[in-house]
Amino acid sequence: MMQTTEAAYAKINLCLDVTARRADGYHEIDGVMQAVSLCDTLTVSYTPGGAAAVSLDAGQTPGLPAGPENLAARAAARFLEAAGLGGEVRIALEKRIPLAAGLAGGSADAAAVLRALNRLTDFALTAGELRALGLTLGADVPFCLSGGCRRTRGVGERLEPCPPMPACSLVLARRGEGISTPWAYAQLDACYGGFAPGVPRPDAGLPALLASLRAGDLSGVCRGLYNLFEPLAVSRLPDVGLLREALLSHGALAARMSGSGPTVYGVFGDGAAAIAACDALRAQGAAAFVCRPQAEIPLYSYAVHE
């Protein structure tokens, strides 16, 4: 048996715009994702030989699928199939990223399993094959494989490295239930005419955000934060707007919703202020975390323990 432990990092959207609706019903996006240090931890073991088998211990996290339907378990099964391998995979998952929060927690877990198994099998798949396999599991999985800061286009599979978000502290907070991503996209379709050519929609200002990242300008990055989903989410989930206001009142340079919600993040230049804001939000009943931007993960440099 070989074993390795992997961190599965959450993500936030510095910019999330929707540019088109494809004939197959999927939507094209354009934006920037940044990995953050809030993470799940997965211990993955692999024993070669015999029929392919996957088991997962996800602890007692309420609402988390624990069987083959868990995205991490599905990732392991698909990896073995793609690599043409048998053997037993065991996954122990310690969950910290909130569920259904707009932070890509399930996608991060799946990506962590793919990275781990690729090392445990002496890199049976190339980086390109790993990303293509990840896309079959979810649109955010290719990003989560490497993390860092990347421009994301297409359905999430077209990735371009960006300079990392300047050093800062981040407070992530959520309260109440989320909304389904299909519902959110349906509302956008209704608002913007199914993204037909010529239908006007807001300017995401992405070039200015990218320029601020290249310049290492945190104030410029904060001015450029954007999420097309946010106004719709605020109309259905008042807590999104209230958390944004609370973060700003506690000194955040900017605050924005991540993904289709309901998590809101605030950007702080002062770490002590971020901790104070997190404590205040927790006292008000929010689930809140302090974290930082997370660097890119090398796909081929982790140790394996036998």
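The values are calculated or read from the model by the stated rules, or taken from the named source; none is laboratory data. These numbers come from a predicted model, not from an experiment. All Cβ positions, glycine included, derive from the backbone under ideal geometry; neighbour counts span all protein chains shown.
Scanning the range 188-203 for residues that are among the β-branched types (Val, Ile, Thr), out of contact with any Leu (no Cβ under 8 Å at 6 or more places or on another chain) and under 18 Å from Asp17 (Cβ atoms) turns up at least one hit.
Here Ala58 does not qualify as crowded, with 18+ Cβ neighbours inside 10 Å and either closer than 30 Å to Cys15 by Cα or not hydrophobic (A, V, I, L, M, F, W, C) (or both).
Checking the structure you have, find out if any residue of the range 143-162 is basic (Lys, Arg), over 30 Å from Cys278 (Cα atoms) and surrounded by fewer than 18 Cβ atoms within 10 Å (Cβ to Cβ). Even if it seems obvious, please write down each step before you answer.
Taking the range 143-162 and keeping what is basic (Lys, Arg), we get 150-151, 153, 158.
When the remaining residues are screened for being over 30 Å from Cys278 (Cα atoms), the result is 153, 158.
Next, from what is left, pick out any that are surrounded by fewer than 18 Cβ atoms within 10 Å (Cβ to Cβ): 153, 158.
Looking for residues that are basic (Lys, Arg), over 30 Å from Cys278 (Cα atoms) and surrounded by fewer than 18 Cβ atoms within 10 Å (Cβ to Cβ), one finds at least one in the range 143-162, hence yes.
Could you please let me know if Thr152 is assigned to a strand (DSSP E or B) and of a type in the set (Val, Ile, Thr)? For Thr152, the condition - assigned to a strand (DSSP E or B) and of a type in the set (Val, Ile, Thr) - is met. With respect to the conditions (1) in a helix (DSSP H, G or I); (2) free of Cβ contacts under 8 Å to residues at least 24 places away in the same chain, Asp122 falls short on a single one, namely (1).
Lys11 falls short on exactly one of the conditions (1) assigned to a strand (DSSP E or B); (2) among the basic types (Lys, Arg); (3) out of contact with any Phe, Trp or Tyr (no Cβ under 9 Å at 6 or more places or on another chain), and that condition is (3).
When Leu120 is tested against (1) at pLDDT below 95; (2) more than 18 Å from Thr61 (Cβ to Cβ); (3) touching a strand residue (DSSP E or B) at 6+ places or on another chain (Cβ under 7 Å), just one condition goes unmet, and that condition is (1). Counting the residues of the range 85-103 that are over 27 Å from Ser37 (Cβ atoms) and touching a residue at least 40 places away in the same chain (Cβ under 8 Å) gives 2. Listed conditions (1) surrounded by 19 or more Cβ atoms within 10 Å (Cβ to Cβ); (2) in contact with a strand residue (DSSP E or B) (Cβ under 7 Å, 6 or more places away or on another chain); (3) under 19 Å from Arg131 (Cα atoms) are all met by Ile12, apart from (3). Residues that are crowded, with 19+ Cβ neighbours inside 10 Å, in contact with a strand residue (DSSP E or B) (Cβ under 6 Å, 6 or more places away or on another chain) and not in a loop (DSSP other than H, G, I, E, B) within the range 71-101 comprise Ala72, Ala73, Ala76, Val89, Ile91, Leu93, listed in sequence order. Can you find a residue in the range 215-238 that is among the aromatic types (Phe, Trp, Tyr) and within 20 Å of Thr263 (Cα to Cα)? Looking for residues that are among the aromatic types (Phe, Trp, Tyr) and within 20 Å of Thr263 (Cα to Cα), one finds at least one in the range 215-238, hence yes.
Among the residues of the range 161-182, is any in contact (Cβ under 8 Å) with a residue 12 or more places away in the chain and in a helix (DSSP H, G or I)? Checking the range 161-182: at least one residue is in contact (Cβ under 8 Å) with a residue 12 or more places away in the chain and in a helix (DSSP H, G or I). The residues of the range 204-228 that are in contact (Cβ under 8 Å) with a residue 40 or more places away in the chain, under 19 Å from Val18 (Cβ atoms) and in a helix (DSSP H, G or I), listed by number, are Leu206, Leu209, Leu210, Gly224. Might you let me know whether the range 262-269 holds any residue that is more than 24 Å from Ala100 (Cβ to Cβ), of a type in the set (Gly, Ala, Ser) and in contact with an Asp or Glu (Cβ under 7 Å, 6 or more places away or on another chain)? No, that holds for no residue. For the range 125-142, taking the residues that are touching a residue at least 12 places away in the same chain (Cβ under 8 Å) and not in a helix (DSSP H, G or I), the one that is surrounded by the most Cβ atoms within 10 Å (Cβ to Cβ) is identified as Asp140. Taken together, Pro262, Pro238, Pro231 contain a single residue that is free of Cβ contacts under 8 Å to residues at least 12 places away in the same chain, in the same structural domain as Ala184 (by TED's automatic domain parsing) and under 20 Å from Gly31 (Cβ atoms), which is Pro231.
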